[in-house]
1. Out of all the residues in the stretch B:125-162, which are part of a loop (DSSP other than H, G, I, E, B) and more than 30 Å from residue B:34 (Cα to Cα)?
2. Of A:110, A:88, which residue is within 12 Å of chain B (Cβ to nearest Cβ) and not polar (S, T, N, Q)?
3. Can you work out which of the residues in the stretch B:335-360 that are without any contact (Cβ under 8 Å) to a residue 24 or more places away in the chain and assigned to a loop (DSSP other than H, G, I, E, B) is nearest to the chain's Cα centre (by Cα)?
4. Give the stretch B:98-139 a look and list any residue that's of a type in the set (Ser, Thr, Tyr) and loosely packed, with under 15 Cβ neighbours inside 10 Å, or say none.
5. Would you pick out the residues in the stretch B:337-351 that are more than 14 Å from chain A (Cβ to nearest Cβ) and over 14 Å from residue B:452 (Cβ atoms)?
6. Condition test on residue B:305, is it more than 28 Å from residue A:61 (Cβ to Cβ) and aliphatic (A, V, I, L, M)?
7. Is it the case that residue B:313 is outside any loop (DSSP other than H, G, I, E, B) and either within 14 Å of chain A (Cβ to nearest Cβ) or among the basic types (Lys, Arg) (or both)?
8. Within the set of pairs 6 or more residues apart or between chains, which connect a residue that is in the same structural domain as residue B:359 (by TED's automatic domain parsing) and more than 16 Å from residue B:438 (Cβ to Cβ) inside the stretch B:393-411 to a residue that is small (Gly, Ala, Ser) and surrounded by fewer than 20 Cβ atoms within 10 Å (Cβ to Cβ) with Cβ atoms less than 6 Å apart?
Amino acid sequence: MEMTGKSVNNVEVVFLNGRLDAYNSNLVEGKFNEIIDSGKVQIVADLSGVDYISSSGLRVMLSSLKKLNKMGGTLKLSCLQHYVLEVFEIAGFTQLFQIYDSDKEAIASF
Amino acid sequence: MDPLSITLFTDLVEKVCVIIVIAYLLSRFKYFTEVLEGKLTIKNQIIFILIFGAISIYGSYSGVNIFGAIANVRDLGPMVAGLIGGPVVGLGAGLIGGLHRLTMGGFTCVPCSLSTVLAGLFAGIIYLANKKRFIGIWGAVLFSILMETFHMMLALILASPFAQALAVVENLFVPMILANAVGMFIFAFMITNLIKERQTKKERDKLHAQLERKKKELEIAHQIQESFLPHTIPYIENYQLAASSIPAQEVGGDFYDFIPISGKQTGLTIGDVSGKGIPAALFMAFSRTLLRAKACRNPGVGRMIESVNNFINEEPHSDMFVTLFYGVLDDENNKLTFVNAGHNPPLLWKNETKDIIKLSTGGVVLGAMKGLKMDEKTINIDPGDLLVLYTDGVTEAVNKQEAQFGEEHLIKLIQKNHNLQVEDLKNKIIDEVYDFASGTPQADDITLLVLRRNG
């Protein structure tokens, strides 16, 4: 799982690359926690490099969203591949997350 | 060292080797390990006293006579006995060796006998001072050197004439100390090895017992979980029903259920808890019980699931959630009213059009958030219609090339085999999934429920 990040206007953008399966999801959770611990609560996850997401992946996204919401922040998603978007739709997660076509739109929405 | 000392020394080392062989054989005795584990029963103490007393006597006999004095490893037996068995054992072995030495006579017989007795006693005191544990290799070697030095001093003080005693001590001092120190080193080395060996074995046994217990617990969890799945398939007039759940591990997070609501209404449900293992299994049991309690004799669907969702969110179940499809089948007007909370849409094969309809209502998984609205839909089940409910273990089964079985594959399979009996169709799908995976281990639970209205 490749993870890189950048800060734009107080928003932390995280690029995820790889399969969001049980193993990688734990890594992503660690990365999100790291960002949250450093005091940043506005996160955009760029999922353009994610071609698979399992229920563990959904779990990590949801728990991170809940955690951030409690702290007055949020997790927004951008650039979802077709399959991943479908999984989000089936799980009803499109109602929980704000999803954008590009990082730019996601960052501008804060 | 002069030539006499060298022959003396090699001679003594040979004797030490004999003692080591005896000691090795001893160490394989259960009494030896029992004493090392601190089981100082009277029987064990007596056996130890006799054995190390005998070793001490052998030390005397194997000694080499020099100007009327005997260079020997007589003290070694009582020292080892005391260091691992305490003062009683050390003193006992020392008395045997010492009294025997007394009978051999010679002008140094009093100091030599006395030092053998004291060697056992001092070793026993060291054992007590070290909290009834063996002092370790280097402590034991140091003790043997000090003890033999003391032995020589006793000889100088107690033996007369002094000039003769001094001559003996001059010759014996180095070889006696070396021989006893080497003997003690090898003995101590063997003892510490044995102690380590026992500890490793103990830890291994403990680990083994823990593993066994875990396995047993998993088996019990598996049995408990199976008891949460329906034991029988209910009879619904004009309908046929088949269902199976195959967990990927001993316990799983999938479930299905049939809930009696009224004479003509039956609740059908299938669910999948996020995660695996015991936490998922417990959450599954909780969700399934909660749903059953709320749904029994409650013809509502959307509102009822909303209340289940709120209830799950009341409890801080960390970040677990459950995907759930729940429908109430009315076998009188042949309608299915359902809610889909984030579950893979069940596939309804229409007999008339041969089309597949996916049953979804856009609901969010249960446990994600409180207060979510759950829309319900109602659909007609016409004669010959076939409904397949499944969990993602079916569509997300992967083969060696990491390709997924996929929903399309499942749809084609249903269309091709729609005229099979429900039980056969269910088995056909499971077989096909296993064939597709061709040996790739099952990563997720596989659950299937097939319903058909008689044509």
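The values are calculated or read from the model by the stated rules, or taken from the named source; none is laboratory data. What you see is a predicted model, and the numbers here were worked out from it, not measured in a lab. All Cβ positions, glycine included, derive from the backbone under ideal geometry; neighbour counts span all protein chains shown.
1. B:159, B:160, B:161
2. A:88
3. Checked the stretch B:335-360; the qualifying residue nearest to the chain's Cα centre (by Cα) is B:345.
4. The answer is B:103, and nothing else.
5. Of everything in the stretch B:337-351, those that are more than 14 Å from chain A (Cβ to nearest Cβ) and over 14 Å from residue B:452 (Cβ atoms) turn out to be B:337, B:338.
6. no
7. When the stated conditions are applied, residue B:313 passes them.
8. B:395/B:406
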